[in-house]
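The values are calculated or read from the model by the stated rules, or taken from the named source; none is laboratory data. This one's a predicted model, so the numbers in the text were calculated from it and none came from an experiment. A quick note on method: Cβ atoms are made from the backbone with ideal geometry, for glycine too, and the neighbour counts reach across all protein chains shown.
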Amino acid sequence: MEKAEGSEQNGSEAASPEEQLASLREQLQLEIKEKDRQAALAAEYLGIAKRVQADFENYKRRTQKERDELVKVANHRMLGELLLVFDDFERALAAKCSEEELRAGITKIRDNMAALLKDHGLREIPSEGKFDPSIHEALAVGEGEDGTILEVFQKGYYLGDKVLRCSKVKVAKSTGENNG
């Protein structure tokens, strides 16, 4: 009896070709719907990515424009202040005065300009002591204690924390004759 039951189940489980085709069609329609859903999601994500990219490009343009405007305003301010020093030089050159008075006037102009530059973050690089290649440029070598700065040919300056111009110096290098 058991065999008859088993064969009956297999017979009822076997689907007709029409049923198989309908099942396959239903399965394919579900796959097509899933692919359509995935394609719609991909299109939506692509749209989001394009908007984000456009927003980023706009941000870059806007920040560059703001940065350019800030530099323009800073330059305008600095040049306005430098014109005051330039005017002082013009007056000094036009003045009918003695050599000592001219020298005193130029010294005052230099002091005013030094104060202006200091107010804008410029400071001198120290040139006493040991040579440091990150802030000094060796143009000549002389005798003395190894690495000591002997002479400054041109002062160097920091602008904020960055080196604007290295100091050009003469550096001591021991010859080895004095050692022992």
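What to note about this one:
- Put simply, of GLU69, GLU57, GLU81 the only residue that is out of contact with any Gly (no Cβ under 6 Å at 6 or more places or on another chain), under 28 Å from ASP111 (Cβ atoms) and not hydroxyl-bearing (Ser, Thr, Tyr) is GLU81.
- Single unsatisfied condition, LEU116 versus (1) assigned by TED's automatic domain parsing to the domain that holds SER174; (2) surrounded by 14 or more Cβ atoms within 10 Å (Cβ to Cβ): (1)
- Checked against the criterion of being in contact (Cβ under 8 Å) with a residue 12 or more places away in the chain and either part of a loop (DSSP other than H, G, I, E, B) or small (Gly, Ala, Ser) (or both), the candidates ALA104, ALA114, ALA92, ALA74 yield just one match: ALA92.
- Condition check for VAL141: outside any loop (DSSP other than H, G, I, E, B) and more than 32 Å from the chain's Cα centre (by Cα): yes
- Some residue of region 81-93 being surrounded by fewer than 10 Cβ atoms within 10 Å (Cβ to Cβ), under 23 Å from GLY121 (Cα atoms), under 33 Å from the mean Cα position of the chain (by Cα) and modelled with pLDDT under 95: no
- Count of residues meeting criterion [on the phi > 0 side of the Ramachandran plot and either assigned by TED's automatic domain parsing to the domain that holds ASP111 or surrounded by 14 or more Cβ atoms within 10 Å (Cβ to Cβ) (or both)] in region 123-146: 1
- Filter pass, ARG61 being surrounded by 10 or more Cβ atoms within 10 Å (Cβ to Cβ), basic (Lys, Arg) and over 30 Å from the mean Cα position of the chain (by Cα): no
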